[in-house]
Amino acid sequence: MAAPASTRRQLGLGALAAAAAAAAPAAVRAAGGPGGYSVSGKKGPFVRQVAGRPFTMASGDAGSMGLATDSISLGRYQTARLRMPQTEARVAALLARLDGQWPYAKGRPLQVHILGVDYYNAYSLPDGSIVVAFGLLDQAQSDDEVAFVLAHELGHVRLGHFAERVAPRPKPKLASALGQLYLVSAAVHAVGTSSTVLNAATEAGATNDLIHFLSNVMVEPDHTRAQEDEADCIGYDLSQAAAYSADSASARVFDTIQADQQKHQAVIDTLGSQLKSQLGHAISDGSAASFLTGGAANMRTSLLAGGTRLALGMAAAGSAREPPPQHRPPEERKRGMAQYSADAYPDGAPLRDEQHGWLAGVRATAEFAEAKAAVGAVSEAQKARAEGHYPEARAAIQRAMSTKFAGAPLVLNEAARLADDMGDRPGAEKLFHQANASPDQTVGGFIDYVRMLYRAQQNERAMSALEAGVNRFGGDEKPFISLRIAIARQAGHDDDVQASLQRCLGYDNEALAKDCRLAAGQTADAAPQSSPQPRLPSLPFGLPHFP
């Protein structure tokens, strides 16, 4: 769809629209028809069509602000945050240029956050935050691409999409099953088996960490498909009005986002296979239940024999996929965008050279170069740790620690996990303390620190650290509650176990309830018990993340 890079010249609006529209079935060409865009440009640019809408959220609307205040969402978007003042200022300036084309009330002021990951994407939050993955700035071929992506996210904010209550998409089962792996690998250690299996368990924990990171670092809000269509069209209007090549840029963005998602899904699939091989083919529900009620030998036998499934049905969960995205497929988005542009801009638009000056300025700074080095080094360290290649992991994390981002939780947490895996608990604790002192510390970082103390059977310190994590994230205990149950159980506080389990079940979250039951010593799908369960042997390896 886009013009060749050698010419850097945008295709004419009419030519692009005509070619795409001719190729599209009539049903797709009809705006709002089956499979077609829910936005039509027949009444002119969408930015003008929405003139009568209320755009601001009502204050105190818990439904609209849930994403901004929920500790899981907040913790996820902080998972890889890098403080990059120069880059943030340049992104903010580009956003301001786009926002200047919005003719109505603007509501919340915009904020910019950079995530230190190589994803080609961005997302928005109800508080006016635009969260930009480093990979978008590193991989984009033109200013126009970045402008369109930002204008799309700006559209969600300015159109008031967060004010509408949207039924959340079902969460994938994979994250919970992977979280439960911590109990399985803990059990391997508790059984006291061979060093080979102990090493496999440690590597499996690292692989699980990486899968969890890759699966959750880009947590997009649950917008409807109609809202995504509107954001596409508003993004087109705003970037076009700000003198960017909206046609060629949007076509390339749609293709690149899908290719990027497929690349990361392939990595996650490979890691899933790696995870299964690291602990053998696994244990069945029955052998896990036997272990949780005292039959450790059965679980060990199943692990070593490698004849069944891993981690409470993980083999089935491993084939799970994220729910279908709310965005349309790239070809459909391109056809819809072309038809929209033809209808909304019947006189066409001037041909424009794609612009590169803004990106060149972003990439020319020492800050950007150091961030690229840090992001790449952390990624290398994560992969090497998951494969048990500790010298390579240590060399990679040392490169990250030599950059100006050595104090970012993205770097510190991974360095701490590596130190813990290598048996350097004092070093790991020091690194976790540094990360916990940062305003950007994550839910996962706090959980990993608590898990480390729990494995060392330092129950009072573990509970104190857990409370600090709960307080940091607005008093929301959900990410920590299964670990709270495990600590209480290890300390012999059976009343606390039962009280926390009842609170957990009251949250009406199936995956969380499953983790809590396992932590309490029940089978994952057991009915609530009125009396204490037999106590699990001390689990030195760890407990699940809340997905």
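The values are calculated or read from the model by the stated rules, or taken from the named source; none is laboratory data. As the structure is a prediction and not an experimental result, all values here were calculated from the model. Neighbour counts run over all protein chains shown; Cβ positions are idealised from the backbone, glycine included. Ligands, DNA and RNA are excluded from the accessible area calculation, which covers all protein heavy atoms including side chains. Shrake-Rupley method; radii C 1.70, N 1.55, O 1.52, S 1.80 Å.
Can you name every residue in region 381-405 that is part of a loop (DSSP other than H, G, I, E, B) and under 18 Å from residue 438 (Cβ atoms)?
403, 404, 405
What about residue 187, is it hydrophobic (A, V, I, L, M, F, W, C) and at pLDDT below 90? Spell out the reasoning first.
Values: hydrophobic (A, V, I, L, M, F, W, C): yes; at pLDDT below 90: yes.
Here the answer is yes, as residue 187 does meet what is asked.
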For region 126-148, name all the residues that are more than 17 Å from residue 369 (Cβ to Cβ) and open to solvent by 10 Å² or more (accessible area, probe 1.4 Å). 127, 141
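For region 446-482, which positions are basic (Lys, Arg) and either in contact (Cβ under 8 Å) with a residue 12 or more places away in the chain or in contact with a Lys or Arg (Cβ under 7 Å, 6 or more places away or on another chain) (or both)? Lay out the reasoning, then the answer.
Residues of region 446-482 basic (Lys, Arg): 451, 455, 461, 472, 478.
If the condition is that a residue be basic (Lys, Arg) and either in contact (Cβ under 8 Å) with a residue 12 or more places away in the chain or in contact with a Lys or Arg (Cβ under 7 Å, 6 or more places away or on another chain) (or both), then 451, 455, 472, 478 are the ones that fit.
Within region 212-236, track down each residue that is modelled with pLDDT under 80 and more than 8 Å from the chain's Cα centre (by Cα).
Residues of region 212-236 modelled with pLDDT under 80: 212, 215-222.
212, 221, 222, listed by residue number.
Any residue in region 298-309 that is more than 28 Å from the chain's Cα centre (by Cα), of a type in the set (Lys, Arg) and modelled with pLDDT under 50? Break it down stepwise before answering.
We begin by selecting, within region 298-309, every residue more than 28 Å from the chain's Cα centre (by Cα); these are 298-308.
Right, trim to of a type in the set (Lys, Arg) and you get 300.
From what's left, modelled with pLDDT under 50: 300.
Taking every residue of region 298-309 in turn, at least one turns out to be more than 28 Å from the chain's Cα centre (by Cα), of a type in the set (Lys, Arg) and modelled with pLDDT under 50.
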Within region 330-349, is there a residue that is in contact with a helix residue (DSSP H, G or I) (Cβ under 8 Å, 6 or more places away or on another chain) and under 19 Å from residue 428 (Cβ atoms)? no
Being assigned to a helix (DSSP H, G or I), open to solvent by 10 Å² or more (accessible area, probe 1.4 Å) and modelled with pLDDT of 85 or more narrows 499, 511, 486 down to just 499
Expected output for region 338-353 (first residue on the phi < 0 side of the Ramachandran plot, partner part of a loop (DSSP other than H, G, I, E, B) and open to solvent by less than 40 Å² (accessible area, probe 1.4 Å), Cβ below 6 Å, 6+ apart or cross-chain) is 340/41; 343/41; 344/41; 344/44; 344/45; 351/10; 352/10; 352/245
Tell me which residues, restricted to region 444-469, are modelled with pLDDT under 90 and β-branched (Val, Ile, Thr). 447
With respect to residue 404, determine if the residue is modelled with pLDDT of 95 or more, surrounded by fewer than 17 Cβ atoms within 10 Å (Cβ to Cβ), touching an Asp or Glu at 6+ places or on another chain (Cβ under 6 Å) and of a type in the set (D, E, K, R). yes
Among all residue pairs at least 6 apart or on different chains, which show Cβ distances below 8 Å where the first residue, located in region 83-100, is closer than 10 Å to residue 151 by Cβ and open to solvent by less than 60 Å² (accessible area, probe 1.4 Å) and the second is among the small types (Gly, Ala, Ser) and not in a helix (DSSP H, G or I)? 98/242
Among (1) closer than 23 Å to residue 263 by Cα; (2) open to solvent by less than 10 Å² (accessible area, probe 1.4 Å), residue 154 falls short only on (1)
Would a scan of region 277-287 turn up a residue that is assigned to a helix (DSSP H, G or I), at pLDDT 90 or above and open to solvent by 10 Å² or more (accessible area, probe 1.4 Å)? no
Among the residues of region 237-262, which ones are open to solvent by 20 Å² or more (accessible area, probe 1.4 Å) and under 24 Å from the mean Cα position of the chain (by Cα)? 252, 255, 256, 257, 258, 259, 261, 262
Can you give me the ranges of the strands (runs of 3 or more DSSP E) entirely in region 94-157 with at least 2 residues that are aliphatic (A, V, I, L, M)? 111-115, 129-133
